[in-house]
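Structure record follows, encoded as structure tokens.
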């Protein structure tokens, strides 16, 4: 059995449907006609590190412990998350236990890498230059692609100066990653699984919607262009080439699975969640702060200030009364929240609402339900209809890391509304997304949707649609099932797309415990966190 999992990062089902109707995605169309096709539910939150961690481990976020690019300092160690801080066993370990070799190419959140039975090229969510194992694969891939990166960073490339040029880089990267995949297949004649993620579709979606869609509020500023479509077409082409190359190399029909980790919607409005919480009396900020001393010779003083502000009720009011101390900067730090008087705050992406630890709101069920009711009544800025579905963390998350999870999550019924968690002093909670500013959320005009796509065809796959509720967390077990394997403790496979299987062989891969140590230096973490704040992810 040869399985190819081809990730179109952030590919959106509505845009894909439109392009399929136009005949723009022939590879995906062929898979849909010969096999199963439909929507694939992402994790909640629908964010890269969480979704791909569930793909890799088959675990709910409460079990693997990754809810964002960085951790909430009030719920765990303060750090930038990585594969080392994730619990569970990546699917390559289960395959390796059964003697099945695999290759993972630029799949996000695989750094720091490990030696696997096959080839590993780490992906987004780690250093820009991927780590490659084993050494023989590293030497061959580096010789062919000496400047290989996990993704082209929009700000580093100054995308706003010439978006057509940047889109060209995204297409070139698709071809480069496709070539790395071909090399991995050639180096592994007994390959049972190739998994790859094309990050270009994600960045194209974040940046290209305002140019593609004439009704986007920022279309007038952005101008017109179909660069987003060009990137989708490039990935579809390369996927077709990889499927054909697998046929040639292995002399058999591969099972191809094309999927996305989440969708991507145009942003028409932004909801500044912390502004709303502040205006409605749930969140308070400090008037005095020492956080501007971070990464200066008085850094230790700033760290003590942060610790006391986050864990005590007396410190912030006392400091506020000391004259002459600086006020928080405009882009307020997490520790600039007055946690002694805050009952709720939004952190990270995807509408994650955490209840106050110091005030006791976290364990106050009556308050949680009262706040949930208020959030559920927030009207849509255009229609006036209730905008948010309010989910309870206790219904979403289970496992050893459930204590890191938010108590509430708000999901817009209209996904053109982007929920963000910055701590800036916005004048109002809702903002029409009419201006693209690279200094604010990278100038993005699109953001993640909860539903991605799934198309699968080949040996072991039934013809038809995907069952309602099919989720990315089920793909690990689905891949194992295609190889006649099963393992305990992970979410079940998507049975509705699979042909009946013979008796399965059970494997027990070694599961890693989440490491207590970070993998980045203090300076590296500071630079990463600055980029995440720009994106609204921290």
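The values are calculated or read from the model by the stated rules, or taken from the named source; none is laboratory data. No experiment lies behind these values; they were computed from the predicted model shown. Here Cβ is always computed from backbone atoms with ideal geometry, including for glycine, and neighbour counts include all displayed protein chains.
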Of everything in the stretch 20-37, what is touching a helix residue (DSSP H, G or I) at 6+ places or on another chain (Cβ under 6 Å) and over 26 Å from residue 249 (Cα atoms)? Give them in sequence order. 20, 24
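Residue-by-condition table, conditions (1) on the phi < 0 side of the Ramachandran plot; (2) crowded, with 23+ Cβ neighbours inside 10 Å; (3) modelled with pLDDT of 95 or more:
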| position | (1), (2), (3) |
| --- | --- |
| 152 | yes, no, no |
| 158 | no, no, no |
| 162 | yes, no, no |
| 179 | yes, no, yes |
| 197 | yes, yes, yes |
| 228 | yes, yes, yes |
| 261 | yes, yes, yes |
In the stretch 61-71, what count of residues is obtained for those that are at pLDDT 95 or above and surrounded by fewer than 23 Cβ atoms within 10 Å (Cβ to Cβ)? 1
With 77, 31 as the choices, which residue is crowded, with 24+ Cβ neighbours inside 10 Å, over 20 Å from residue 450 (Cα atoms), over 15 Å from the mean Cα position of the chain (by Cα) and not assigned by TED's automatic domain parsing to the domain that holds residue 421? 31
Some residue of the stretch 322-333 being surrounded by 20 or more Cβ atoms within 10 Å (Cβ to Cβ), at pLDDT 95 or above and under 28 Å from the mean Cα position of the chain (by Cα): no
Among the candidates 46, 24, 11, which residue alone is surrounded by fewer than 20 Cβ atoms within 10 Å (Cβ to Cβ) and outside any helix (DSSP H, G or I)? 24
Please go through the stretch 107-158 and give me each residue that is outside any loop (DSSP other than H, G, I, E, B) and in contact (Cβ under 8 Å) with a residue 24 or more places away in the chain, ordered by number. 107, 118, 119, 120, 121, 122, 136, 137, 140, 141, 144
Taking residue 197 and the conditions (1) within 21 Å of residue 108 (Cβ to Cβ); (2) in contact (Cβ under 8 Å) with a residue 40 or more places away in the chain; (3) in contact with a helix residue (DSSP H, G or I) (Cβ under 6 Å, 6 or more places away or on another chain), which numbered condition does it fall short on, given that it satisfies the others? (3)
Would you point out which residue out of 420, 434, 415, 439 is exposed (fewer than 15 other Cβ atoms within 10 Å of the Cβ), within 22 Å of the chain's Cα centre (by Cα) and more than 30 Å from residue 93 (Cα to Cα)? 439
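Filter the helices (runs of 4 or more DSSP H) completely within the stretch 200-285 down to those with at least 3 residues that are not assigned by TED's automatic domain parsing to the domain that holds residue 160.
Details: elements: 200-212, 219-222, 227-250, 273-279.
Helices (runs of 4 or more DSSP H) meeting the threshold: 273-279.
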If a residue must be assigned to a helix (DSSP H, G or I) and closer than 21 Å to residue 412 by Cβ, how many such residues does the stretch 350-369 contain? 2
Could you please find all residues in the stretch 288-321 being in a loop (DSSP other than H, G, I, E, B) and surrounded by fewer than 16 Cβ atoms within 10 Å (Cβ to Cβ)? 295, 296, 297, 298, 312, 313, 314, 321
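Does the stretch 496-513 hold any residues that are under 26 Å from residue 452 (Cα atoms), surrounded by fewer than 19 Cβ atoms within 10 Å (Cβ to Cβ) and either free of Cβ contacts under 8 Å to residues at least 12 places away in the same chain or in contact with a helix residue (DSSP H, G or I) (Cβ under 8 Å, 6 or more places away or on another chain) (or both), and which are they? Walk me through how you get there before you give the answer.
Step one: of the stretch 496-513, the residues under 26 Å from residue 452 (Cα atoms) are 496-500.
Keeping just the survivors that are surrounded by fewer than 19 Cβ atoms within 10 Å (Cβ to Cβ) gives 496, 498-500.
The answer is 498, 500.
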The condition from (1) assigned to a loop (DSSP other than H, G, I, E, B); (2) over 21 Å from residue 74 (Cβ atoms) that residue 411 misses is numbered (1)
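Being over 30 Å from residue 210 (Cβ atoms), touching a residue at least 60 places away in the same chain (Cβ under 8 Å) and touching a helix residue (DSSP H, G or I) at 6+ places or on another chain (Cβ under 7 Å) is the requirement here; does residue 429 meet it? Don't jump to the end; show me each part of the working.
Working: over 30 Å from residue 210 (Cβ atoms): no; touching a residue at least 60 places away in the same chain (Cβ under 8 Å): yes; touching a helix residue (DSSP H, G or I) at 6+ places or on another chain (Cβ under 7 Å): yes.
It is false that residue 429 is over 30 Å from residue 210 (Cβ atoms), touching a residue at least 60 places away in the same chain (Cβ under 8 Å) and touching a helix residue (DSSP H, G or I) at 6+ places or on another chain (Cβ under 7 Å).
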